[in-house]
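Okay, structure first, notes after.
Just so it is clear, none of the values below were taken in a lab; they were calculated from the coordinates. Note that this is a predicted model, so its numbers are computed, not measured. No Cβ is skipped: glycine too gets one built from the backbone with ideal geometry, and neighbour counts run over all protein chains shown.
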Amino acid sequence: MSKALEGVRILDFTHVQSGPTCTQLLAWFGADVIKVERAGEGDATRAQLRDIPDVDSLYFTMLNHNKRSITLDTKRPAGKEVLETLIRDCDVLVENFAPGALDRMGFSWERIQELNPRMIVASVKGFGPGPYEHCKVYENVAQCAGGAAATTGFDDGPPVVTGAQIGDSGSGLHLALGIVTALYQRTVSGRGQRVQTAMQDAVLNLCRVKLRDQQRLDRNGVLEEYPQYANGTFGESVPRAGNASGGGQPGWILKCKGWEDDSNAYIYFITQAAAWPAICRVIGREAWIDDPAYATPRARLPRLMEIFATIQEWTKTLTKFEAMDILNKYDIPCGPILSMKELAEEPSLRATGTIVEVDHPERGPYLTVGNPIKLSDSPTIVTRSPLLGEHTDEVLAQLGYSGEQIARLREERVI
Ligand code: CAO
């Protein structure tokens, strides 16, 4: 069966996390992704957070599946020539170097257009034009500068970053969508274009509901569904909301049986308005169904913390899975706090290919997250990440280089 992006060739000039997540997605959809790395060292993540000496780290392998790797020194004249050939041959160049690095290498947007007017040039940078446009940026900087840290955590504590890599993987996702959109437009225009994603913008996009709340706060001075409503005060900016829901249905994380010893024995509980009578019956508080102090969502707003404390008395008598089973019978929205260990072992995630076991010639089998986007006509088969320069000869031969030329490039340490 053919793949959705079969025939699309990607010159993958990405490193670390943001860019590689984008090109990995494109590779999963069937694009031929050629990762260009510096000889000898390669992507810095190959050597970062290693769990086995001298073997590509899980950090690298889990971000670079289904790609080919070539080594190339693109700062030397012979390396630049190879890069020019690649630019002529590929459909998309993806990069996430520090601002200006591609220009300094001699490959400005104008130069790339001269070489291949159909080429799409896609970049991740930390910031868009503005005061920080020249800054280097890593994940947590983007989370802090994009509004996530200021709105995450509890009111009485410092800003908190989230474990979800919304700056890096979030930007990679945004960039991938921009690339396939530009590829689609090219089918009509015949031209390439630039696709740019700033990590700050991607994080802010994912924090859209908090900008919504900022404007509600500016207008009314309070946010009624926030825990501060009945239990504290509001300042000028959206406060950290603890575990309150980002939407219109109040929610909180509640302890379950075993919470004293198991840091993940918790459940997320949503007091959806439609489910209120069922919630009252399940927790043995039938009187709340008609009591005017509890009967309507508005009446409940100032009492949410008290209500969740009462519900918690019930959830503490059950494991998170027992509570899930009971609540789901009554259509009460809830979710267990699942640890990474539980997720890794979850059979249904293995069955759907969301968690995949991959074999690697140097490290042996390991687990990774497969493609979370499922296409019925273009299923993803996850294959291992390439060793550094594993495909250099193969790719150069495809580009028309003779064995002799390849040997010379190797002798001159260009590849
Ligand atoms: N051959 C020759 N030189 C190469 C090369 C190759 N194959 N590949 C890269 N280089 C060079 C670059 O041209 C650059 O050289 P100059 O600084 O002389 O122009 C140099 O390697 C280093 O590139 P860099 O500045 O991008 O790398 P860094 O490790 O110093 O910074 C990072 C890393 C991520 C902070 C920076 O790339 C960045 O801000 N990127 C944009 C934002 C981003 O994607 N961040 C997410 C990172 S994941 O948390």
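Here are some notes:
- Leu367 being over 30 Å from Leu83 (Cα atoms), of a type in the set (A, V, I, L, M, F, W, C) and in contact (Cβ under 8 Å) with a residue 12 or more places away in the chain: yes
- Candidate set from the stretch 126-159 (those that are within 16 Å of the ligand (Cβ to nearest atom), of a type in the set (Gly, Ala, Ser) and surrounded by fewer than 17 Cβ atoms within 10 Å (Cβ to Cβ)); member that is nearest to Val180 (Cα to Cα): Gly128
- For the stretch 314-346, the candidate set comprises residues that are exposed (fewer than 13 other Cβ atoms within 10 Å of the Cβ) and among the basic types (Lys, Arg); within that set, the residue that is nearest to Ala273 (Cα to Cα) is Lys329.
- Residues of the stretch 1-23 classified as hydroxyl-bearing (Ser, Thr, Tyr) and away from the ligand (no atom under 16 Å from the Cβ), total: 1
- Counting the residues of the stretch 153-211 that are under 24 Å from Pro129 (Cβ atoms), among the β-branched types (Val, Ile, Thr), out of contact with any His (no Cβ under 9 Å at 6 or more places or on another chain) and in contact (Cβ under 8 Å) with a residue 60 or more places away in the chain gives 3.
- Total residues in the stretch 269-311 satisfying the condition of being outside any helix (DSSP H, G or I) and under 15 Å from Glu225 (Cα atoms): the figure is 6.
- The stretch 95-108 - residue that is of a type in the set (A, V, I, L, M, F, W, C) and part of a helix (DSSP H, G or I) and, of those, farthest from the ligand (Cβ to nearest atom): Leu102
- Sole residue being touching a Pro at 6+ places or on another chain (Cβ under 6 Å), closer than 27 Å to Glu362 by Cβ and surrounded by fewer than 24 Cβ atoms within 10 Å (Cβ to Cβ), chosen from Ser57, Ser69: Ser69
- The set of residues in the stretch 203-250 that are closer than 17 Å to Arg303 by Cβ and of a type in the set (Asp, Glu) comprises Glu224, Glu225.
- Among the residues of the stretch 63-85, those identified as assigned to a loop (DSSP other than H, G, I, E, B), of a type outside the set (S, T, N, Q) and either within 21 Å of the chain's Cα centre (by Cα) or more than 7 Å from the ligand (Cβ to nearest atom) (or both) are Leu63, His65, Lys67, Arg76.
- Test result for Ser123, closer than 28 Å to Glu6 by Cα and surrounded by fewer than 16 Cβ atoms within 10 Å (Cβ to Cβ): no
- Residue within the stretch 204-211 that is aliphatic (A, V, I, L, M), touching a Gly at 6+ places or on another chain (Cβ under 7 Å), farther than 30 Å from Ser108 by Cβ and outside any helix (DSSP H, G or I) present: no
- Within the stretch 1-27, considering residues that are among the β-branched types (Val, Ile, Thr) and under 15 Å from Leu93 (Cβ atoms), the one surrounded by the fewest Cβ atoms within 10 Å (Cβ to Cβ): Val8
- Pick from the stretch 358-415, criterion assigned to a helix (DSSP H, G or I) and touching a Gly at 6+ places or on another chain (Cβ under 9 Å), ranking: nearest to Asp73 (Cα to Cα): Leu409
- Selected residue [more than 10 Å from the ligand (Cβ to nearest atom) and either part of a strand (DSSP E or B) or in contact with a Ser or Thr (Cβ under 8 Å, 6 or more places away or on another chain) (or both)] from Arg118, Arg50, Arg88, Arg111: Arg50
- Arg240 part of a loop (DSSP other than H, G, I, E, B) and not β-branched (Val, Ile, Thr): yes
- Within the stretch 261-296, considering residues that are under 17 Å from Glu322 (Cβ atoms) and loosely packed, with under 12 Cβ neighbours inside 10 Å, the one farthest from the chain's Cα centre (by Cα): Gly284
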